[in-house]
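The values are calculated or read from the model by the stated rules, or taken from the named source; none is laboratory data. All values reported here derive from a predicted model rather than from experimental measurement. Neighbour counts are summed over all protein chains in view; Cβ atoms, including those assigned to glycine, are modelled from backbone coordinates with ideal geometry. In case anyone asks, the SASA skips ligands and DNA or RNA and just uses the protein heavy atoms, side chains included. Shrake-Rupley method; radii C 1.70, N 1.55, O 1.52, S 1.80 Å.
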Amino acid sequence: MPLTTNTILICAGGACVSAGEESVKDALERKLKEYNLQDIVKIVETGCMGACSLGPIMVIYPEGVYYQKLTPEVAEKIVEEHILKGRIVKSHLYKGEKGEVIPQPQEEVAFFSRQVKIATRNVGVINPLDIDEYIARDGYFALHKALKEMTPEEVIQVIKDSGLRGRGGAGFPTGLKWEFARKSPGDKKYMICNADEGDPGAFMDRSILEGDPHSIIEAMTIAGYAIGAQKGFVYVRAEYPIAIERLTEALKQAREYGFLGENILGTDFSFDIEIRIGAGAFVCGEETALMHSIEGKRGQPRVKPPFPAQKGLWGNPSNINNVETLSCVPPIIFHGPQWFKQWGTEKSPGTKVFALAGKVKNTGLVEVPMGITLRELIYEIGGGSPTGKKIKAVQTGGPSGGVIPAEYFDTPVDFESLTSLGAIIGSGGMIVLDEDDCMVDVAKFFLEFTVDESCGKCTPCREGTKKMYEILDKITNGEGTEEDLETLEQLAYIIKDSSLCGLGQTAPNPVLSTLKYYREEYLAHVREGKCPAKKCKELISYVIDPEKCVGCTACARVCPVSCISGEVRKVHTIDQEACIRCGSCIEVCRFGAISKVTPAVSVEVEE
Ligand SMILES: Cc1cc2nc3c(=O)[nH]c(=O)nc-3n(C[C@H](O)[C@H](O)[C@H](O)COP(=O)(O)O)c2cc1C
Ligand code: SF4
Ligand code: SF4
Ligand code: SF4
Ligand code: FES
């Protein structure tokens with residue numbers, strides 16, 4: 001075995017790969033070879049390290065120095081400076097609040113140090129394509145324990161005692177679901193992993209599959225043993241090619257090691273897993289639609305009951321769990337239910353992975369104990385606003401969720417608390433909004449998504465969401481009325497009550513929660529033609545302050561429709577009729593002479 005003095009972990013998660021990880025890795029390999037260090041320095045490609053906006057990222061051990069925003073040139077420099085001479089390359093280290101460099105942010109920066117990693121314990125740490133690395137971190141020990149020392153009922157009891165709840169959206173107790181499937185009569189049973197992950201902005205499931213595929217294989221096999229299934233399916237969307245590739249390789253390795261297939265670990269339990277690739281429709285994440293899709297039918301939901309535990313795949317009892325839920329299973333079996341319950345709250349034990357996005361400094365994936373407050377998540381871990389603007393609210397749970405205003409930021413993040421505020425944890429999407437975000441526009445954005453993704457099977461969802469979208473569009477165009485708000489609310493409740501599946505039942509949530517907390521913003525749109533956040537294009541104008549304009553011509557040069565006129569060193573003016581409100585001019589004016597006003601003005605006031 002070659003002696004390694006340094007190990008370079010390089011993030012090969014989807015975002016870092018898109019940011020050029022491969023060329024960085026090639027450059028590292030090239031340079032190491034040039035100095036004949038290829039056997040002494042080990043390069044390990046890992047899954048997502050969490051801070052995706054900083055990619056490509058790598059960490060050099062033993063010191064644990066964290067490099068970000070790498071390029072091939074910088075990678076070469078790091079080999080020559082850091083690896084060869086022990087000199088840290090400061091230009092690509094993590095930067096703190098005041099721009100200071102932090103070589104090991106894992107210990108010092110809350111974004112990293114406040115995390116508790118259970119579901120993502122191996123992501124960003126091991127080579128996902130090396131089963132031995134998984135085993136070295138207790139991988140497949142839980143499977144061994146379950147098969148050799150526990151009855152299926154005991155396995156179920158441990159999961160029940162742990163209080164683990166589904167991370168796919170609904171938060172249903174996992175152990176109870178397994179028990180239903182176990183007790184459901186039938187010789188043939190199926191275990192399904194839901195890796196459809198359709199919520200815009202959420203990518204924790206992809207990260208786990210890309211970074212730790214063996215954890216899902218191990219968990220599914222344990223679940224298969226518990227419920228009495230012989231076969232499992234992972235339903236994963238085609239947009240996740242890296243996840244599919246790594247899972248395929250991991251399945252092969254698990255079979256070779258005897259963790260899958262006939263008589264697993266010498267027991268009489270046999271189980272195998274197949275991958276099924278979905279085309280990426282959001283509704284196919286709904287469990288009955290997903291099962292139809294696996295069966296080769298059109299991916300449309302059906303009425304429940306019967307639930308999957310009674311009648312699932314091809315009419316057989318089936319159990320379906322989300323990727324993140326499953327990823328928690330092996331450590332719970334290995335360490336016991338009390339270990340898991342040391343984190344989180346009484347009713348929502350453990351941790352949850354969130355995809356932090358929007359107006360926060362630190363965006364990316366974070367796994368934190370349930371019960372952490374929104375304030376801690378947004379300000380301590382997320383680092384607060386990157387611009388100093390006032391953070392106004394957070395949108396949680398994607399298109400099925402809702403907004404939570406800043407005055408509720410001391411609320412603990414758990415299933416019940418967020419639901420009581422009209423939002424949900426959902427799959428863990430968390431978009432931070434500031435004073436520049438219009439709440440009507442936010443609601444419209446999510447509704448547009450659900451209109452597009454509605455499968456069309458039932459009328460309230462198919463027609464109702466479209467109607468709601470049209471009303472929101474009218475409001476953001478300044479053509480809405482107060483009656484429209486009433487219609488919007490009525491429609492929302494009808495759609496919630498009468499839609500066939502969760503998509504329709506939750507689609508009105510973003511509208512209802514913004515109406516609940518930000519009705520005055522809706523009213524400003526319909527009564528005064530104003531968009532308080534100055535976001536809705538039809539309700540704003542860009543104007544030039546003649547007192548401040550020095551006639552530098554910068555704005556006129558960037559205007560895509562040439563609607564700014566004025567001579568050099570003379571006050572410029574905007575032709576409001578021609579302006580398309582693209583905002584380019586405001587960005588280039590160094591004199592602060594251009595501003596947005598609402599309501600829109602038709603003719604600019606000239607001095
Ligand atoms: C429209 C819709 C989309 C859904 N998409 C997903 C998804 O992408 N991933 C997921 O795990 N669950 C999704 N769900 C929830 C699943 O139907 C199901 O409850 C979940 O996979 C169960 O796993 P859990 O108990 O581990 O959370 C979706 C539900 C609905 C109504
Ligand atoms: S609620 Fe929407 S997505 Fe669900 S079945 Fe009805 S039309 Fe399809
Ligand atoms: S960029 Fe600003 S200062 Fe320059 S001409 Fe335009 S408005 Fe005037
Ligand atoms: S907002 Fe865009 S279109 Fe309007 S004046 Fe400025 S640059 Fe021109
Ligand atoms: S993909 Fe590299 S940090 Fe997320």
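Around Leu70, with a cut-off of 11 angstrom between Cβ atoms, what is the net charge of the other residues, counting Lys and Arg +1 and Asp and Glu -1? The answer is 0. Once divided by 2.2 N^0.38 Å, the Cα radius of gyration of the range 199-257 becomes 1.17. The calculated FRET efficiency for Tyr257 paired with Lys466, based on their beta-carbon distance and R0 = 45 Å, is about 0.30. The dipole here belongs to the chain: it is taken about the Cα centre, uses +1 on the Cβ of Lys and Arg and -1 on the Cβ of Asp and Glu, and is about 500 debye.
For the chain, averaging the sequence separation of C-alpha pairs within contact (under 8 Å, six or more residues apart) and dividing by the residue count gives a relative contact order of 11 percent. The range 219-256 and the range 379-405 have Cα centres spaced 34 Å apart.
Solvent-accessible area assigned to carbon and sulfur over the range 68-182 amounts to 52 percent, based on a 1.4 Å probe.
Over all projection directions, the Cα-based convex hull of the chain averages an area of 30.1 nm².
A simple packing score, the average count of other Cβ atoms within 10 Å per residue, orders the peptides 39-45, 395-401 as 395-401, 39-45, with the highest score first.
Ranked by the mean number of other Cβ atoms within 10 Å per residue, highest first, peptides 5-13, 562-570, 438-446 order as 438-446, 5-13, 562-570. Judged by the mean number of other Cβ atoms found within 10 Å, the most tightly packed of the peptides 475-486, 281-292, 491-502, 155-166 leads the ranking 281-292, 155-166, 491-502, 475-486. Based on protein heavy atoms only, the chain ends up with 41 Å² per residue of surface accessible to a 1.4 Å probe. Within the range 567-585, find all residues whose amide N lies under 15 Å from a label point positioned 7 Å from the Cα of Asp436 along Cα-to-beta-carbon. Within reach of a label on Asp436: 582-585.
Phi angles across the range 121-126 convert, under the Karplus curve 6.51 cos²θ - 1.76 cosθ + 1.60 with θ = phi - 60°, into 3J(HN,Hα) values of 4, 9, 6, x, 10, 10 Hz, Gly and Pro given as x. So for the chain, taking the charge dipole from beta-carbon charges (+1 Lys/Arg, -1 Asp/Glu), which of Val526, Ile540, Ala357 sits furthest toward the positive end? Towards the positive end, the residue furthest out is Ala357. Distance between Cα centroids, the range 301-375 to the range 508-525: provide it in whole Å. So the separation of the two Cα centres works out to 30 Å. Report summary: the helix-based calculation at 222 nm, which adds -39500 (n - 2.57) for every DSSP H run with n ≥ 4 and divides by the residues of the chain, gives -10500 deg cm²/dmol.
Assuming R0 = 51 Å, can you tell me the calculated FRET efficiency for the pair Val601 and His335, based on Cβ-Cβ distance, to the nearest 0.05?
Here the calculated transfer efficiency is 0.20.
In whole percent, and with a 1.4 Å probe on the protein chains, what portion of the accessible area of the range 363-501 is carbon and sulfur? The computed percentage sits at 50. Annotation for the range 1-78 versus the range 488-507: alpha-carbon center distance of 48 Å.
With q set to 0.27, 0.29 Å⁻¹, the log10 of I(q)/I(0) for the range 170-223, from the Debye formula over equal scatterers at the Cα positions, is -1.17, -1.21. Normalised by the number of residues in the range 23-155, the mean separation of alpha-carbon contacts (under 8 Å, six or more apart) gives a relative contact order of 24 percent. Placing dummy labels 7 Å off each Cα toward the beta-carbon, the span from Glu479 to Lys304 is 4.0 nm.
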